Amino acid sequence: MLRLALMHISRICYNPAIFADLRCGTKLRFTMDWRSDYYIGRREFVASVAGILGALITLLVGLPIIGYLIAPALRASGVAGWVSLVPLSMLQPGIPTPCSFSRLKQTGWKRMQMTRTVYALLRDSGDVTVLSDICTHLSCKVRWSPERSVFVCPCHDGIFDREGAVLSGPPPRPLDRFDTKVENGQLFIYVED
Amino acid sequence: MNGLVSWLDERTGLLTVWRVVFERKVPRVNWWYTLGSASLFLALMQAVTGILLTMYYVPTPEEAYNSIQYIMNEVAFGWLIRGIHHWGATLMVLTVFLHMLRVFYYGAYKYPREVTWVTGVVLLLTTLGLGFTGYLLPWNQRAYWATAVGTSLVGTVPLVGEFLLRVLRGGTELSFLTLSRFFGAHIWILPAILFSTIGVHLYLVIRNGISYIPRRDE
């Protein structure tokens with residue numbers, strides 16, 4: 001194994017094509033061909049050892065840096081689960097009602113109460129749809145406009161109807177919906193993160 | 001490879017720079033002459049790891065300590081990055097100081113290298129300043145009281161001491177303002193001074209060449 005490695009190194013050391021590149025200064029301009037040019041000199045040896053050590057150190061620190069930078073992206077910030085939203089009796093049929101809920105979320109070293117708003121729509125038939133207030137275009141917050149009876153996104157004029165379907169503007173798909181369930185007249189939604 | 005180098009050289013003079021910087025003539029010297037390069041290497045390491053630490057570190061009394069706990073325990077290789085910064089700081093003070101002793105005992109500060117020496121003094125003081133301001137940033141008991149003592153020393157200066165103390169602390173007490181201004185000094189002001197002075201220092205080292213080891217009769 002060691003013999004093989006040494007043979008390999010010596011082949012590199014005596015290979016003029018490789019060291020012709022490394023030589024600069026006088027030798028580059030002095031075109032006469034000396035046999036000694038094909039041996040590795042002390043200067044070249046020190047230069048390549050320094051280069052290899054430098055590359056090793058860069059790798060040794062450089063690879064951990066990648067992990068260091070992407071670390072927060074690799075952890076979950078919340079836990080999925082059912083969240084109690086609002087008693088059904090509070091909802092006015094046919095009009096999306098903003099409902100807020102808070103959850104503890106882990107952000108970095110802090111556990112923080114994060115408050116979100118969703119829109120609950122109780123239909124005349126009695127079933128409920130809960131819409132996210134996050135625009136499907138570029139995640140601005142949409143707002144229910146009672147005068148116009150539409151959801152309006154203030155960023156790029158995305159317009160959604162009361163069911164969350166896109167009426168105009170850039171949003172590529174309807175507003176996201178939550179899974180819902182009703183227990184003892186209380187509306188629950190399933191929150192993913 | 002050669003083609004690229006000569007293409008670049010024709011347009012930038014890169015080879016000349018390379019020759020002047022790396023192929024300059026040096027006298028036969030010993031290992032003590034590597035302390036300057038060691039200090040430079042450590043300074044660059046401190047810059048790299050320091051920049052990375054600012055990604056997670058929060059310079060407020062409420063968050064500083066917790067953010068460092070987070071770096072040490074939660075972030076991948078955070079212990080490594082902070083470890084290098086922590087121990088590199090200590091080592092850098094050591095190498096810079098030994099570098100000064102080498103220059104002093106070999107008389108390398110004499111003509112024509114006086115200006116190099118003066119910039120070196122600036123570098124030594126800046127390094128100590130970086131160490132002092134960085135020491136407060138973990139905002140633990142040791143950091144807090146070390147800075148309380150360290151800034152109090154300035155207060156003993158006659159006449160202007162009390163004023164200097166308030167400038168240093170950003171008020172009469174050690175507070176969030178002290179932490180904030182130490183952070184600013186540590187990551188912007190002092191590194192700017194350090195690296196621009198390193199530039200001048202290196203220029204002078206290359207321009208004047210390095211001194212040889214003095215002989216017995218000198």
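The values are calculated or read from the model by the stated rules, or taken from the named source; none is laboratory data. Everything numeric here is computed off the predicted structure, so don't read it as measured data. Reconstructed Cβ throughout: ideal geometry from the backbone, glycine too, with neighbour counts over all protein chains shown. Protein only, heavy atoms only, side chains kept; ligands, DNA and RNA dropped before computing areas. Shrake-Rupley method; radii C 1.70, N 1.55, O 1.52, S 1.80 Å.
With a Förster radius of 51 Å, plug the Cβ-Cβ distance of A:Arg177 and B:Thr156 into 1/(1 + (r/R0)^6) and report the FRET value to the nearest 0.05.
0.15
Under the rule of at least 5 residues apart or a separate chain, name every residue whose amide H is placed under 5 Å from the amide H of A:Leu85.
Those qualifying (amide H under 5 Å, at least 5 residues apart or on another chain) are A:Leu187, A:Phe188, A:Ile189.
Given a 1.4 angstrom probe, I'd like the percentage of the accessible area of chain B that is carbon and sulfur, rounded to a whole number.
The value for chain B is 70 percent carbon and sulfur by accessible area.
Which of the residues in the stretch B:50-86 lose at least 30 Å² of accessible area when you go from the chain alone to all protein chains together (probe 1.4 Å)?
So the qualifying set is B:Leu52, B:Tyr56, B:Glu63, B:Tyr70, B:Glu74, B:Ala76, B:Phe77, B:Ile81.
Can you compute the helix-only [θ] at 222 nm over the protein assembly as shown? Use -39500 (n - 2.57) per DSSP H run of at least 4 residues, normalise by all residues, nearest 500 deg cm²/dmol.
Rounded to the nearest 500, it is -16000 deg cm²/dmol.
Summing both sides, how much accessible area is buried between B and A? Use a 1.4 Å probe and give Å² to the nearest 100.
In total, chains B and A hide about 2000 Å² from solvent.
From the Cα gyration tensor of the stretch B:30-208, with a ≥ b ≥ c the square roots of its eigenvalues, which class applies: rounded if a/c is under 1.5, or else prolate if a/b is larger than b/c, or else oblate?
oblate
To the nearest 10 square angstrom, what accessible area does A:Trp82 show with a 1.4 Å probe?
110 Å²
Assuming R0 = 51 Å, what is the FRET efficiency of B:Thr90 and A:Tyr190, from their Cβ-Cβ distance, to the nearest 0.05?
Once rounded, the FRET efficiency stands at 0.45.
Spin-label point model (7 Å from Cα, Cβ direction): what's the B:Val122 to A:His156 distance in nm?
Output for this residue pair reads 5.1 nm.
I need the P(r) histogram for the protein assembly as shown: all alpha carbon pairs, bin width 10 Å from 0 out to the longest distance, whole percents.
Using 10 Å bins, I get a P(r) of 4, 14, 17, 17, 16, 13, 11, 7, 3, 1, 0 for the protein assembly as shown.
Anything in chain B that counts as a DSSP H helix reaching 20 Å or more along its axis (C-alpha) with Kyte-Doolittle mean of at least 0.5? List them, would you? Walk me through the numbers on the way to the answer.
Numbers: long enough: B:35-53 (26 Å, 1.84); B:78-105 (40 Å, 0.98); B:114-136 (34 Å, 1.37); B:141-155 (21 Å, 0.29); B:190-208 (26 Å, 1.35).
TM-like helix candidates: B:35-53, B:78-105, B:114-136, B:190-208.
Give me the count of lysine pairs in the protein assembly as shown whose alpha carbons sit under 24 angstrom apart, restricted to pairs 8 or more positions apart or on different chains. Kindly include the intermediate steps, with their values, before the conclusion.
Values: A:Lys27/B:Lys25; A:Lys105/A:Lys141; A:Lys105/A:Lys181; B:Lys25/B:Lys110.
Count of close lysine pairs: 4.
Please list A:Lys141, A:Lys105 from largest to smallest accessible area, probe radius 1.4 Å, with all protein chains kept in place.
Ranking A:Lys141, A:Lys105 by accessible area, largest first, yields A:Lys141, A:Lys105.
Going by the alpha-carbon gyration tensor, a ≥ b ≥ c the square roots of its eigenvalues, is the stretch A:81-191 rounded (a/c under 1.5) or, if a/c is not under 1.5, prolate (a/b greater than b/c) versus oblate?
Details: a/c = 2.12, a/b = 1.10, b/c = 1.93.
The shape class here is oblate.
Rank these residues by their accessible area, most exposed first, probe 1.4 Å: A:Tyr190, B:Tyr33, B:Tyr65.
Working: A:Tyr190 75, B:Tyr33 30, B:Tyr65 100 Å².
I get B:Tyr65, A:Tyr190, B:Tyr33, largest accessible area first.
Before I look further, what does the stretch B:92-207 give for accessible area per residue, probe 1.4 Å, in whole square angstrom?
That works out to 58 Å² for each residue.
Leaving out ligands and nucleic acids, and using a 1.4 Å probe, what accessible area per residue does the stretch A:81-191 come to in Å²?
Working: 6070 Å² over 111 residues.
Here the per-residue accessible area is 55 Å².
Run the numbers on the stretch A:64-92: which residues show a drop of 40 Å² or more in accessible area, chain on its own versus all protein chains together, using a 1.4 Å probe over heavy atoms?
By number: A:Pro64, A:Ile65, A:Tyr68, A:Leu69, A:Arg75.
Between the stretch B:43-101 and the stretch B:124-181, what is the separation of their alpha carbon centroids in Å?
19 Å
Using a 1.4 angstrom probe on the protein heavy atoms only, could you order B:Lys110, A:Lys110, B:Lys25 from most to least accessible area?
Per-residue accessible area, sorted high to low, gives B:Lys25, B:Lys110, A:Lys110.
Residue by residue through the stretch A:111-117, what is 3J(HN,Hα) from phi via Karplus (6.51 cos²θ - 1.76 cosθ + 1.60, θ = phi - 60°)? Round to whole Hz and write x for glycine and proline.
Values per residue, Gly and Pro as x: 9, 10, 6, 10, 9, 10, 10 Hz.
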